[in-house]
Amino acid sequence: MQFKTVFFSQPVFLIMVFLWLSGLTWIGYYDSLNVVFHFDDIPFILENPIIRDLDGIIKKFFELTNSRRAIPILTLYLNYTLHGFEVPGYHIVNICIHALNGFLIFLLISQLLPSVYGGSSVKKENVPTAFSIKLTAISIASIFTVHPLLTASVTYITQRSGQIATLFYVAAFISYLYTRKFSPSDKKFWGWLVFTLLCYWLAFKSKEMTLTWLLIPFAYEILSRFNDWSRLRNVAKWAALLLIIFSAVMTWYLLNSNYLSGNYFVGFGSKTLWGPWTQIETMARALVNYWKLLVIPLPQWMNIDHDFIPSRETIDAWALASLVLHILIVSAAIFSARKGFVLFALGVFWFYITFGPYIVVPERDLLVEYKSYLPSVGLMLIFAELLFWLQKKLASRQYYLYAGVLIIIVLGIMGTWERNAVYATTASAWKDAINKAPYKARTLHNLGYAYAQDGHLNAGKVYFQKSLQMSPGFVLARLNLARVYIRDGAYQEGLAEYSMMIKLASEFPTGELAGLMKDAYHEMGDTHARQRKYLESIPYYQKSLQIENTLKTNLALGKIYLELNKLEEARNHLRVVMNHLPNAPDINLNMGIIALKLQKLDEALQWFLRTIELSPNHPDAYNNLAIVHAMKGNITASIQAFEKVLQISPNHKEAIKNLNALKKQLSSASKKQ
């Protein structure tokens, strides 16, 4: 039997609900518009060339075995195209996605409650129950939009991927609920089914963990019939099919992707960081903390980087107690389903299903708040069941209930404001983290990095050293300490730190650590080059190239060989850069200088003219163009080019010297005549 609540026939009402939820979201997050780029925002946005490469992003959509987070990256591309790295635009997109997710939760609850409680209780003529459904859905969606814990995904720009994944994950389930209303003989069935699969694919292209979605309709079909064995038997085949498809999809993905590889960290010494039992114990404790933070999101409990370590004991008492608690929660969900409280049961299973990938696959980040964004939908379903049940119990005293809901919303807004203030600057975020996790190496390192970025090198150095006291194998802290030494002019100390960092990282020379080694070798080359020790710099650049053939290192080597007058070697490296950056003025200039030194005047002339075309006010291009004209006997053109240099840069020493020499030469020639 199909059921349709009153408000789905009222588009105006839906628009009003969307505007209400959007307004609440903006009230909660209006003060986050100028929050700076944080943590993973640096490599994922500021230093990520792919967000400027639309062709590369499009290719990611068609890679079957890897998510590549193509959709979040596409949104970042659009942000960058519209306003570069001006931060408010990125926050506006995150806030809008969060508001849309709040509206989807409203739609989800509005669909589930009539489906679960069905029959006469939600027919159009039963206005009080229909009204209760409306209030329940709006209330829970409102709580979601201002939940303080979710700032970790909304205010932290890079975690947009979790927001977008949630959007398509929830949309796919809502679409599935519509699909099941029609028989396969109806065209609407196939239309909704295609839309469901499309949303599933888009969720996967936003974040890998959304492959778990197939377990959600499976859980719903089982739980919604758990109080009626005959109905449960009728759906057993359909539920089994969903489970088989999920198993096949996950097996295919794990066999064909690199999801299980690359989790290296100096000090653990294995691909998966630790064994299965340690992972179970550790995540049992972590999940208790996630429940606590979601149910009672006190600001003093929230942290951008929790001090949470793996269980190191074979029998960890807290871990075993946590496992017992999870078993009790799941048992309560099953018991609730038997009693007809399906949303409560589904919410519990939603929480554990969406956390599933983090439970199974070991990761360095064991307790990270942004991971709770999608699982928080499960908590909203639990709250919806509780609120709907309380409405029926309180009857005429419901205004007390909704006064409580309003208080929760106001407290949520205040908590969200407080968390946004913490995120305001890099230093404020990590100071807050250190206050709550004073003995974690990464928080100390990241505060040091914030100070170093702001030019406070001594403060940065102190926190990097404290970080290394906590964790001597923290190679990133050692790399950044080396960088601070170099910026401060302490070259020997910096080179010593680079060498130590490379020694540590070489124990696991793949993945992330390989990238850090590449950077360290390149920067050691830069350090020697800065001291004009060009020959000493070359081996370090070459080692960097052996790890990864980057344009940056090819450019550095090209310039070094040019300084050493090794022109063919210089040209070979600069050609690599030129193949990728044909419109870079300085590369064209250097190619011209090489041609000039090789006495290939016509070729040099073309390079310098090309440089001027790309950069019309490039003084060095005009200076070298003047030299070529002089060498070819075009004196008038040479003087004009030198004068152009001095118009652009009146104190250009080389141009002044060359022009005076040319005029002196002309004067001497005139006297001889």
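Given region 395-511, what helices (runs of 4 or more DSSP H) lie entirely inside it while holding 1 or more residues that are modelled with pLDDT of 95 or more, β-branched (Val, Ile, Thr) and assigned by TED's automatic domain parsing to the domain that holds Ile309?
Working: elements: 398-423, 426-436, 441-453, 457-470, 475-487, 491-505.
Per the criteria, 398-423.
Quick one: which of Leu108, Leu177, Leu167 is at pLDDT below 95, hydrophobic (A, V, I, L, M, F, W, C) and touching a helix residue (DSSP H, G or I) at 6+ places or on another chain (Cβ under 6 Å)? Show your work before the answer.
Details: Leu108 fails: at pLDDT below 95; Leu167 fails: at pLDDT below 95.
Of the residues listed, the single one that is at pLDDT below 95, hydrophobic (A, V, I, L, M, F, W, C) and touching a helix residue (DSSP H, G or I) at 6+ places or on another chain (Cβ under 6 Å) is Leu177.
Check Glu603, Glu613 and return the single one that is surrounded by fewer than 14 Cβ atoms within 10 Å (Cβ to Cβ) and modelled with pLDDT of 90 or more. Walk me through it before giving the result.
Details: Glu603 fails: surrounded by fewer than 14 Cβ atoms within 10 Å (Cβ to Cβ).
The match here is Glu613.
Yes/no per residue for (1) closer than 30 Å to Ser428 by Cβ; (2) in the same structural domain as Ala165 (by TED's automatic domain parsing); (3) surrounded by 14 or more Cβ atoms within 10 Å (Cβ to Cβ):
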position: Arg285; (1), (2), (3): yes, yes, yes
position: Ile304; (1), (2), (3): yes, yes, yes
position: Pro310; (1), (2), (3): yes, yes, yes
position: Val324; (1), (2), (3): no, yes, no
position: Gly340; (1), (2), (3): no, yes, yes
position: Ala345; (1), (2), (3): no, yes, yes
position: Thr354; (1), (2), (3): no, yes, yes
position: Ile359; (1), (2), (3): no, yes, yes
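Residue check, Ile359 against (1) closer than 28 Å to Tyr117 by Cβ; (2) assigned to a helix (DSSP H, G or I), all met but one. Which one?
All conditions pass for Ile359, except number (1).
For the condition among the basic types (Lys, Arg) and assigned by TED's automatic domain parsing to the domain that holds Gln542, what is the one hit in Lys632, Lys653, Lys566? So that I can check it myself, show each step before the final result.
Values: Lys632 fails: assigned by TED's automatic domain parsing to the domain that holds Gln542; Lys653 fails: assigned by TED's automatic domain parsing to the domain that holds Gln542.
The conditions single out Lys566.
Hey, does region 321-339 have a residue that's in a loop (DSSP other than H, G, I, E, B) and not hydroxyl-bearing (Ser, Thr, Tyr)? Talk me through it step by step, then tell me what you get.
The initial filter retains those residues of region 321-339 that are in a loop (DSSP other than H, G, I, E, B), namely 339.
Those left that are additionally not hydroxyl-bearing (Ser, Thr, Tyr): 339.
Looking for residues that are in a loop (DSSP other than H, G, I, E, B) and not hydroxyl-bearing (Ser, Thr, Tyr), one finds at least one in region 321-339, hence yes.
Here's a check for you: in region 62-74, which residue that is at pLDDT below 85 and surrounded by 15 or more Cβ atoms within 10 Å (Cβ to Cβ) is farthest from the chain's Cα centre (by Cα)?
Residues of region 62-74 that are at pLDDT below 85, as a first pass: 62-68.
Of the ones still in play, those that are also surrounded by 15 or more Cβ atoms within 10 Å (Cβ to Cβ) are 66-68.
Values: Asn66: 16, Ser67: 13, Arg68: 11 Å.
Of everything passing the filter in region 62-74, Asn66 is farthest from the chain's Cα centre (by Cα).
Name the single residue, out of those in region 562-597 being small (Gly, Ala, Ser) and under 15 Å from Val628 (Cα atoms), that is surrounded by the fewest Cβ atoms within 10 Å (Cβ to Cβ).
Ala595
On the basis of being over 27 Å from Thr553 (Cα atoms) and either in contact (Cβ under 8 Å) with a residue 60 or more places away in the chain or acidic (Asp, Glu) (or both), does Ala459 make the cut? Talk me through it step by step, then tell me what you get.
Values: over 27 Å from Thr553 (Cα atoms): yes; either in contact (Cβ under 8 Å) with a residue 60 or more places away in the chain or acidic (Asp, Glu) (or both): no.
No, not satisfied.
Counting just the residues of region 1-56 that are polar (S, T, N, Q) and either modelled with pLDDT of 85 or more or under 30 Å from Ile73 (Cα atoms) (or both), which one comes out surrounded by the fewest Cβ atoms within 10 Å (Cβ to Cβ)?
Taking region 1-56 as the starting set, the residues that turn out to be polar (S, T, N, Q) are 2, 5, 9-10, 22, 25, 32, 34, 48.
Now narrow it down to the ones that are either modelled with pLDDT of 85 or more or under 30 Å from Ile73 (Cα atoms) (or both): 22, 25, 32, 34, 48.
Working: Ser22: 18, Thr25: 25, Ser32: 25, Asn34: 12, Asn48: 17.
Looking at residues that are polar (S, T, N, Q) and either modelled with pLDDT of 85 or more or under 30 Å from Ile73 (Cα atoms) (or both), I get Asn34.
Of all the residues that make up region 626-657, how many are within 16 Å of Phe608 (Cα to Cα) and part of a loop (DSSP other than H, G, I, E, B)?
2
Checking Val93 against (1) assigned to a helix (DSSP H, G or I); (2) at pLDDT below 85: exactly one of these is not met. Which one?
Here Val93 clears every test but (2).
Could you check region 25-47 and list, in sequence order, the residues that are in a loop (DSSP other than H, G, I, E, B) and in contact (Cβ under 8 Å) with a residue 24 or more places away in the chain?
Of region 25-47, the ones in a loop (DSSP other than H, G, I, E, B) are 33-40, 47.
The answer is Leu33, Asn34, Val35, Val36, Phe37, His38, Phe39, Asp40.
Within region 317-342, track down each residue that is within 19 Å of Leu390 (Cβ to Cβ) and basic (Lys, Arg).
The one that is within 19 Å of Leu390 (Cβ to Cβ) and basic (Lys, Arg): Lys339.
Taking region 648-667 as the region of interest, how many residues are under 49 Å from the mean Cα position of the chain (by Cα) and exposed (fewer than 12 other Cβ atoms within 10 Å of the Cβ)? Even if it seems obvious, please write down each step before you answer.
At the first step, the residues of region 648-667 found to be under 49 Å from the mean Cα position of the chain (by Cα) are 648-655.
Filter once more, so that each one left must be exposed (fewer than 12 other Cβ atoms within 10 Å of the Cβ): 650-651, 653.
Of the residues in region 648-667, 3 are under 49 Å from the mean Cα position of the chain (by Cα) and exposed (fewer than 12 other Cβ atoms within 10 Å of the Cβ).
Just to confirm my filter: which helices (runs of 4 or more DSSP H) fall fully inside region 149-210 and include at least 3 residues that are hydroxyl-bearing (Ser, Thr, Tyr) and farther than 20 Å from Tyr352 by Cβ? Before the answer, list the steps.
Values: elements: 151-154, 160-179, 187-204.
Once the helices (runs of 4 or more DSSP H) in region 149-210 are filtered for at least 3 residues that are hydroxyl-bearing (Ser, Thr, Tyr) and farther than 20 Å from Tyr352 by Cβ, what remains is 160-179.
Looking only at region 363-392, which residues are of a type in the set (A, V, I, L, M) and either modelled with pLDDT of 90 or more or more than 18 Å from the chain's Cα centre (by Cα) (or both)? Spell out the reasoning first.
Quick first cut of region 363-392, residues of a type in the set (A, V, I, L, M) only: 366-368, 374, 377, 379-382, 384, 386-387, 390.
If the condition is that a residue be of a type in the set (A, V, I, L, M) and either modelled with pLDDT of 90 or more or more than 18 Å from the chain's Cα centre (by Cα) (or both), then Leu367, Val368, Leu374, Val377, Leu379, Met380, Leu381, Ile382, Ala384, Leu386, Leu387, Leu390 are the ones that fit.
The values are calculated or read from the model by the stated rules, or taken from the named source; none is laboratory data. In this text the structure is predicted, and so the values were computed from the model without any measurement. No Cβ is skipped: glycine too gets one built from the backbone with ideal geometry, and neighbour counts run over all protein chains shown.
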